[in-house]
1. For each of Asp82, Asp64, count neighbouring Cβ atoms within 10 Å of the residue's Cβ, then give the residues from fewest to most.
2. Taking R0 as 22 Å, what FRET efficiency do you get between Asp64 and Arg44 from their Cβ-Cβ distance, rounded to the nearest 0.05?
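Rule-based calculations on the coordinates, nothing more; no lab input. Source: prediction; values computed, not measured. As a convention, Cβ positions derive from the backbone with ideal geometry for all residues, glycine included, and neighbour counts pool all protein chains shown.
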Amino acid sequence: MTLAGLHEDVRLATTDILIGMTIKERLHQAVDTMTDEEARAALRTLAEASGDPVAWMLDHAPRDEEPETDQERQAVADARADRERGINPVPLEDVLAEFGGA
């Protein structure tokens, strides 16, 4: 840790004691006042600071709001029908092993 980082930690801890809030409470308060754009930038910063930013972003990606196509609905129905008949999906690793792949 750098001297500046230590100074910032001490400043934050002192401020938390003086205003009677935990760091998480302060974070919640800060998030509540952010615009969507500011929140998006904050999420990117958190993702970059975590051990696996790609996994973090995937875990926190927004829900897909595109309407499902007729072709997609049919593919899901076919897969469910296969499952009901006892036909299990083939793992990707098995397909790659049999047909080659990256």
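1. Lowest to highest Cβ neighbour count: Asp64, Asp82.
2. 0.65
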